[in-house]
Structures are given as structure tokens and as C-alpha cells.
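Okay, so here's the structure we're looking at.
Since every read-out is calculated from the coordinates, none of them should be taken as a lab result. On a predicted model such as this, the values are computed, not experimentally measured, just so you know. Counting neighbours? That spans all protein chains shown, and the Cβs are built from the backbone with ideal geometry, glycine included.
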Amino acid sequence: MDVLIPVMAAAVRSGTPILYATLGEILTERSGVQNLGLEGLMLMGAFSGFSVTYSTGDPWLGVLTAFFVGVAISAVHAFLSVSVGANQVVSGLAVTMFGTGASSLLGRKMIGLTVKGFGKVPVPLLSEIPVAGPVLFDHDPLVYISYGLVLFLLWFIFRTRQGLNLRAVGESPVVVDAMGLSAARLRYLYTMIGGGMAAVGGAYLSLAYTKMWGEGMSAGRGWIAVALVIFAVWHPARAVLGAYLFGGVGAMQLRIQAAGTSFPAPIMMMMPYLFTILVLLVISVKKGKGILIDAPGALGVPYSREERT
Amino acid sequence: MRYRIVLRRRYKTGVFFEGILPVISIIAALLFAGGALLLFGVSPLAAYRAMFRGALGSGYGLSEVIVKAIPLVISGVAVALAFRMKVWNIGAEGQIYLGALASAAAVRFLPSGNQVVMLLAMTAAAIIAGGAWGYIAGFLKSRWNVNEVITTLMLNYVGIHLADHFIYGPWRDPSSLGFPMTPPFPPSARLPLFFGTRVHLGVLAAVLLVLLFRLVIRWTRWGFEIRAIGDNPRAAEYAGINYGRNVALLMFISGAIAGLAGMTEIAGLQGRLQPGFSPGYGYTAIIVAWLARLNPWGIMMVSFFMGVLLVGGDTIQVIMRLPLASVQVIQGCILFSVLGFEFFRNYKVLLLRRERE
């Protein structure tokens, strides 16, 4: 057990950026919009968070900036998917391309710098609990915020009026419009908030995980988050499980490498990606057997009030 | 307010929207991207001037544009073929790497006597490896309806790491002073070059593939099935077209074509396998296919334009010390802009006089 505790703690740490992005995408997809730009949003978040923290010394300001940068970029995606009714797959790819390019163009002078960022703040009392203490409550504040976020979303999505509207617009925008609400406005809102959350996940990487900026540092985590949304069947609680599972795979990989096995590093680095395919496969096989996977009914389908049928 | 704006859905589009609107949207994109560059502290005028002069200002520049366009046309056809059936093959990048890896394996393990035999063996290896890489996603999609966007993307990372494994490990050139690369290929494993430039035989393969793409989609039974499924999968199913078998086959062929792009790139241009030999051709191919509206001639034209951007990108990298990422920013803006202008293709904007009430 003693050997496993550091691995599990590391799983939580490296799962947190993926968790933020996954939760954000759950909100976006619940509203019926698919945003494949998570990878680009995470990179922009990582860069903008780092650069603001570097110049002001305040990591909280960095996280806030990252959030709003994410909101701004996903507003473009919302405009194209909701107002124009454009192809969401291509628009998402454009977000990723733009975000990857812009972050490395802007961040070229930041390479090699470090920030103090977020440090560990053990929670008093809770961190003393055997096993769960060091695994869950001996981290930086952003990890704790992600716990809160999960609980908040569970309540918000399933227990509030707003959450009901969110689920409704993802299932059937016509109904939401008939209720006198604007389907378009709701989709804009949740696409933007979801994008902001993905960017915060990126900021976690540069402010708490590595405490430096590196070109392309999200290394596919945004895409893994897209897959995790399916794994989580659009449910925040299962997103936690998925994110930490992936964090664990990543953490194990680093540990095995550090232990100096003769196993080649590039082969080890394939693991999270292969694991993603495997997880997706298991989910799809289950779905094929008729086990209910409740994807938002109108996911990825543009809706225009003028053309409702 | 005596006028109101009314949107009407367009059901038919003429030449203007198929041919001219993309050009307008690219110009708009260059303006947007210019704004973005300005925001990032880069003079867009200087950058564009340097780019176009570098790419189109000399015979050498022009030949380099063609060199860059070759893998884009080939992988653009690969991606467009899949997109035509509304199958999202985002995995051309990984398929390119697998194709290159397999042809490098052919060079390594086969006797390099005869150039024709060697090149044919490399081509076959690339097609099989790239095709297999695509087939994995196609098979999973056909059998269990696994989301192909994610699987092809994940396979990109896996493929790139797989190539890295051989380049950094067992296949590394012992005389390369520690640089990760395979030993240079023997002359028999190199594609012939034309006109004393770096334009290689791949250019013929690219043109041939475009013609073949046109032919298959337009005139064959299989092409008809692809179009039918792409336009309306439900109706196609009722007409007795087997979706599953077609997806798997389509992804194999799409991957095989992308794999061929990997082979021509290393056998024609680089002469060895090294990490990052493709600067995201597989991703740019997606833009190419989309901008071309999956039209074969469009793929050639857009690839040429993207070649200009890439060669221009190299130029500003040298002259203005800008990273190649600025090209990515421009590419992202082009996609945004083209998607945005779709609006005018889909809707007619009318200004109507308001009736007196």
C-alpha cells in the first residue's frame, strides 16, 4: 500500500488538467455543441496563464486570464456552430490549429522561464486521514477547486432549473425554444464556459504541474478529454474516475521510466493513447449491446429557429 | 426602422459560391490572420511580403512550393475520400508516419540491387502499413461504431511514437554523431528528381491519384456507394449498401494513400527517416480537403496555395525569425473564415421594406 499511495496521489495530480477539460466539454456537449478544440484551448490556457503569472506573480490572476481566453476563443466556435450552423468537427479542428499555433508563436520568448505557481497546501485534519489524506488532500488549491466543481456540476446539471434547461437544449432545442428560452443563447453560454474550463485545465499544466511553459505541452490531453466525455457518458462523477485513471496511466509510465527499465521510452509514451482507444472500444461494445448510453440527442446538430420543423 | 433583414435558406448554389466564395474567404482569412499577427507583435505586411516573395519570387521558390504540395495533394486525396463518405479520418498524420516507417523497413531489410524493385517494395510496404493503420479505425467503426475521430487521432500519437522508437532505438545511424535518424538510403531507394530541382517522382503519383479519385468517385460502383452513404446513410442502407464493409474498406484505402505520401516524402525528399519529418501534413490535408470542398481539382489548387504558405513560412522563419507556428495561425484563421463564409452560401440575406402597420 505504501508504494501505491504516491502513485495514486500522482494520478490525481496528472488527472486534474484532464478533469477540468472533460468537465468543460461535458457542459458544452450537454448543450448540444461538440467542441473538438479542447487541445488548442488547453494550450492557449497554459500559455496565457503562465505569461500573466510570470509578469504579475499572481497565479490566481493567471488562472482567471486563462479562463477568459478560453471563453473568448470558444465564442468563435460557438458563433460558427450555433449562428452559422457550420460543421462542428472542422470548426473544432480550426480552434485546435489556431490555439496550437498562436500559443507557440506568442510563447516563444517564455521558453525556459519558471514561475512559483501553485504549491501544495495540505488540508488540515483531512490530510491526516490514512491513505485518502495523502492521496486526495495533499495537493495544490486547483485540485481542491476541481473537487468542488464536480460536486457543483452534479448539483447544477441534475438538480436545478438551469441544469434542466441545459439538458433540454442538448436533447431538443425546439422544445427549449417553445418554452420561450433561446436555444442559441444557452448553447453560446455553455460552449463558452466549457471552453474556459478547458483553458483552466491547460493553466493547471503550466502553473501547478510543470511550472513552466513548453510548446505543445498539453501533448494530446485535450483529445483524451474528448474521448473521456464519452467514457463518462456525459456524467461529471464518471469523468472523475476516467481522468484519474488516465492520470494513473501517465504517472505509472513516468515511474517505470524513472525506475530505469530497459523498456523503450517511446513505447511507454504510447500507453495513454492506446488506453484511450481501449476505453472507447469497451464503451462502444457496451453501447452496441443495448446498454443505455445517454448521449445528448441533438449533439453536433445545428439548430436554427427559422427552420424548425 | 423601415427595413428589416431576412435570412432565406439557399437550396441551389451557382458558380459564384462554389468557385469565388472560397477565394474571397481566403483573402478575408489573410486579413484576419494579419490582424492576429499584428496583435502578436508581428508586422503582417512584412510577413506576407516575405512569404510570397520567398515562395513565388523565383524558380527555386516555385519548385519548393511543388515539393511541399506533393504530400498535401496525396494526403488531401486520402482525407477527401473518407470525408466524401462522412467518415472523419483525422489520422492521415499517423498513416503518413506508418507509411514512411514501413518503407524505411523495406530499405533496411531488403537487398538494394534494383531501383525499380526496391521502389515498388517500398511503395507496397507503405500502402500496406498506412492502410492497416487506417483499417484499425475503420474496423472498430464498422464492428462496434467506435468514434473514428478519436481513434484516428490517438493512432496519430501512437504512430509517431512508434516511428520515434525505431529512429531513436534500433535503426539509428551509428555514424550520425548521436542525431536521431536512420542511415541515408542507398541511391536505389530514392525517387528520381526532375529538372535539377527537388521535385521528385511523387508529383506524378499525386496527379495520378487526383485523376483516379475523380474517376472512382464519379464513375465506379464503389464511388457511387461512397457518395450515397455520404449524402444519406439511412437511404443508402435501405438501398442495400453495406455500411460496415464500406467503412472498413474506405479507411484502409484512405490510410494506404496517406501512407504513400509518407513513402514519397522520405524516398523523394529526405532520403532517410528522421523524427518530425512531416510538419503536420496530415492535419493540413484536412484543411486542403475541406477548402477544396472535396473536389479533386480543388485539392490540387489548395495544396499549391498551402505549399506557398509553407515555403513562405520557411522564409519568414529565416528572415524574420518567426516560428513555423505563424503558418498554423494563418491556417486556423483560413478554416475559421471559410466556415464563417459558409453562412453566405447557406443563406440569402435580404433587405426587405417593412410593411406599414
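Please enumerate, by chain and number, the lysines with C-alpha under 18 Å from the C-alpha of A:K211, excluding those fewer than 8 residues away in the same chain.
Correct list for A:K211: A:K109, A:K116, A:K120.
Based on other C-beta atoms within 10 Å, arrange A:S172, A:S103 from fewest to most.
Fewest-to-most ranking of A:S172, A:S103: A:S172, A:S103.
Report Rg (one decimal) and Dmax (nearest whole number) for chain A, counting Cα atoms only, units Å.
Answer for chain A, Rg first and Dmax second: 19.4, 64 Å.
Please arrange B:M154, B:M263 by counting, for each residue, the other beta carbons lying within 10 Å of its beta carbon, fewest first.
Listing B:M154, B:M263 from fewest to most nearby Cβ atoms yields B:M154, B:M263.
What translational diffusion coefficient, in µm²/s and rounded to a whole number, does the Stokes-Einstein relation yield for the protein assembly as shown at 25 °C and a viscosity of 0.890 mPa s, taking the hydrodynamic radius as the Kirkwood radius over Cα pairs?
Translational D for this selection: 94 µm²/s.
Can you check how the C-alpha radius of gyration of chain B compares to 2.2 N^0.38 Å, as a plain ratio?
Normalised by 2.2 N^0.38 Å, the Cα Rg of chain B equals 1.08.
May I ask for the longest run of chain A untouched by trypsin sites (Lys or Arg not before Pro) that are loop-located per DSSP and have at most 14 neighbouring C-beta atoms (other than their own) within 10 Å?
My reading of the result: A:121-288 is the longest stretch.
In chain B, which longest range has no trypsin sites (Lys or Arg not before Pro) that are both DSSP loop (not H, G, I, E or B) and surrounded by at most 12 other Cβ atoms within 10 Å?
Counting at most 12 other Cβ atoms within 10 Å as exposed, the longest clean stretch of chain B is B:13-320.
Taking the convex hull of the alpha carbon atoms in region B:262-342, what volume per residue do you get, in Å³?
105 Å³
Could you let me know the centre-to-centre spacing of region A:1-79 and region A:195-239, using Cα atoms, in angstrom?
5 Å
Ratio of Rg to Rh for region B:186-238, alpha carbon only, Kirkwood?
Rg divided by Rh gives 1.31.
Once the cut-off is 15 Å, how many percent of the Cα-Cα pairs in region A:1-98 end up in the long-distance tail?
Value for region A:1-98: 66 percent of Cα pairs lie more than 15 Å apart.
Which of the helices in chain A meet the span-like rule: DSSP H, Cα axial reach of 30 Å or more, Kyte-Doolittle mean at least 0.5?
Qualifying helices: A:4-30, A:183-204, A:236-258.
List the lysines whose alpha-carbon lies under 19 Å from that of A:K286, not counting same-chain residues fewer than 8 positions away?
Candidates past the 8-residue exclusion: B:K141.
Taking the Cα centre of chain A as origin and charging only Cβ (+1 Lys, Arg; -1 Asp, Glu), how large is the dipole, in debye to the nearest 20?
160 debye
Under the definition of Cα pairs under 8 Å and six or more residues apart, what whole-number percent is the relative contact order of region B:71-293?
Relative contact order comes out at 44 percent.
Calculate I(q)/I(0) for region A:116-184 by the Debye formula, one identical point scatterer on each C-alpha and no solvent, and give its log10 at q = 0.20, 0.27 Å⁻¹ to two decimals.
Log-scaled intensity ratios, in q order: -0.79, -1.08.
So what's the convex hull volume per residue for the Cα atoms of region B:76-176, in Å³?
115 Å³
Under 5 Å between amide H atoms, partner at least 5 residues away or on a different chain: which partners does B:Y347 have, H built in plane at 1.01 Å?
It is B:R10, by chain and number.
May I ask you to give the average projected area over all directions of the convex hull of the Cα atoms of region B:201-357, in nm² rounded to one decimal?
Its average projected convex-hull area is 15.6 nm².
Taking other Cβ within 10 Å of each residue's Cβ, how do B:T220, A:T276, B:T315 sort, fewest first?
Fewest to most other Cβ atoms nearby, the residues stand as B:T220, B:T315, A:T276.
Charges on Cβ only, +1 for Lys and Arg, -1 for Asp and Glu, centred on the Cα centroid of chain B; of B:G94, B:A124, B:L72, which one is farthest towards the dipole's positive end?
It is B:L72.
Quick test of the membrane-span-like rule: which DSSP H helices of chain B reach at least 24 Å along their long axis (C-alpha atoms) with mean Kyte hydropathy at least 0.5?
The qualifying helices are B:21-39, B:59-84, B:92-109, B:115-144, B:148-168, B:202-219, B:243-264, B:296-319, B:325-346.
Is region B:8-123 rounded, prolate or oblate when judged by the Cα gyration tensor, a ≥ b ≥ c being the square roots of its eigenvalues, rounded requiring a/c under 1.5 and prolate requiring a/b larger than b/c?
Here region B:8-123 falls in the oblate category.
Please give the charge dipole size of the protein assembly as shown, origin at the Cα centre, charges +1 on K and R Cβ atoms and -1 on D and E Cβ atoms. Round to the nearest 20 debye.
Dipole magnitude for the protein assembly as shown comes out near 1580 debye.
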